[in-house]
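Enquirer: Here's a structure for you.
Values quoted throughout were computed directly from the atomic coordinates according to the rules given, and no laboratory measurement underlies them. A quick note: this is a predicted structure, and the numbers were derived from the prediction, not measured. When we count neighbours, we look across all protein chains shown, and the Cβ atoms used for this are built from the backbone with ideal geometry, even at glycine.
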Amino acid sequence: MTTRRILFVGGTGIISSACARRAVEVGADLYVVNRGTTRTRPLPREAHVLVADARDAASMRAALEGREFDAVVDFVAYRPDHVAADLELFRGRVGQYVFISSASAYQTPPARLPVTESTPLRNPFWAYSRDKIACEDLLVAAYREEGFPVTIVRPSHTYDATSVPLTGGWTVVDRMRRGVPVIVHGDGTSLWTLTHHADFARAFVALLAEPRAIGDSFHITSNEVLTWDQITRLLAAAAGAEARIVHVPSEWIATVDPEWGAGLLGDKAHSMVFDNHKVKSLVPGWVATIPFVAGAAEIVGWHDADPERRVVDAGFDALCDRLVATWGAAGG
């Protein structure tokens, strides 16, 4: 079997770090473009590191001069201008270009569950998601008009040991351990899907340099579905604490903190359950195997291993206190 030559633009993020490890694990010849500054998630020693700034066209051209790849994945393209630059850079030199979109691009709130790849793309609440949709539109047009070999992948909420999957991060776990209230949006019963990055990577890497994936889109998620109350309580249990949950409407949170509110109204406030049959049709036998009870233990263990990792955001901590007080005073 011919060794796949793969380029990752970015390779030390939550998703990309697991994909880099998986790529070398299965024998790919992996090249990674990054700025060489991240230490939290080190690259595999087998990876060839090309130091460049992904958003600087001259820097990228110099790093990639004379190189061609079976697949290129841009993990750090968020806006249409990023994608337009990639089209200029990679036309004629890649067998497949993979764009990392977002499941938050799907119709929000979804009219039907489970969400499939044919669910419309529309999110009027969150600029991040609208930018991803605009990126997809550019790439689909390039595929249709010139045959640019694009594959679109839409991760949902993917996490690793470093990332507490609640707004506020470790601050929320610290509040649990101190016995003070923690906020869960809505009534805590909306359904959510968390995917461990290692599970994501096993399916994702199998799509690279896969001709049947070109011109198509896929999401890759776990099929474990939890409520936000369950997610919060599983984290509390892993931390040896209890979660004193206070439910606050997403709309109220948005009035007090618009940034937090945008992520809720544009994503997390709505139940999201996914049908993964499409990716499984190209990756036979793949299934997500890491439940969140195991992921929660991994998260707490990683943070507890080093006091410097247990960062408490004083501003977010105070915001939680303010939300609890103001919603209570409003009759919540």
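Enquirer: Compute the length gained on full extension between E308 and R61: take 0.36 nm times their separation in residues and subtract their Cα-Cα distance, giving the result in nm to one decimal. Each step should come with its number before you reach the end.
Expert: Details: separation 247, 0.36 × 247 = 88.92 nm, distance 3.80 nm.
Additional length available on full extension: 85.1 nm.
Enquirer: Given q = 0.11 Å⁻¹, what are the Debye log10 I(q)/I(0) values for segment 124-250, with equal point scatterers placed on the Cα positions and solvent ignored?
Expert: -0.54
Enquirer: A further question on this structure: Starting from the Kirkwood Rh over alpha-carbon pairs, what translational D in µm² s⁻¹ does the chain have by Stokes-Einstein at 10 °C and 1.306 mPa s?
Expert: On the way: Rh = 20.9 Å.
Estimated via Stokes-Einstein, D reaches 76 µm²/s.
Enquirer: Could you tell me which trypsin sites (Lys or Arg not before Pro) in segment 6-65 are loop residues by DSSP with no more than 13 other beta carbons within 10 angstrom of their beta carbon?
Expert: Within segment 6-65, the qualifying trypsin sites (Lys or Arg not before Pro) (loop, at most 13 other Cβ atoms within 10 Å) are R35, R39, R45.
Enquirer: Using only Cα positions of segment 261-326, each an equal point scatterer, no hydration layer, compute I(q)/I(0) via Debye at q = 0.12, 0.19, 0.21, 0.26 Å⁻¹ and quote the log10 values to two decimals.
Expert: So the normalised log intensities work out to -0.65, -1.07, -1.08, -1.07.
Enquirer: Place +1 on the Cβ of every Lys and Arg and -1 on the Cβ of every Asp and Glu in the chain, take the dipole about the Cα centre, and give the residue among L265, Q107, G295 whose Cα lies farthest towards its positive end.
Expert: Checked the options; the winner is G295.
Enquirer: Right, another one. Would you mind ranking I220, I231 by Cβ crowding within 10 Å, fewest neighbours first? Before the final figure, lay out each step's value.
Expert: On the way: I220 28, I231 21.
By the 10 Å Cβ count, ascending, the order reads I231, I220.
Enquirer: Now for a separate question. Tell me what the chain gives for mean residue ellipticity at 222 nm when only DSSP H runs of n ≥ 4 count, each as -39,500 (n - 2.57), the sum divided by the residue total, rounded to 500 deg cm²/dmol.
Expert: Mean residue ellipticity at 222 nm (helix-derived): -12000 deg cm²/dmol.
Enquirer: Something else about it: For K280, go through the aspartates and glutamates and keep the ones whose alpha-carbon is under 15 Å away, minus same-chain ones fewer than eight residues off.
Expert: E117, D199, E210, D216
Enquirer: Please list, in chain and number order, the residues 5+ apart from L7 or on another chain whose amide H is under 5 Å from its amide H, with Hs placed from the backbone.
Expert: Y31, A71, V72, V73
Enquirer: Here is a follow-up. Fewest to most neighbouring Cβ within 10 Å: what's the order for T326, T193?
Expert: So the residues, fewest neighbours to most, are T326, T193.
Enquirer: Can I ask one more? So for segment 1-147, taking the charge dipole from beta-carbon charges (+1 Lys/Arg, -1 Asp/Glu), which of L43, A85, F69 sits furthest toward the positive end?
Expert: The one lying farthest along the dipole's positive direction is L43.
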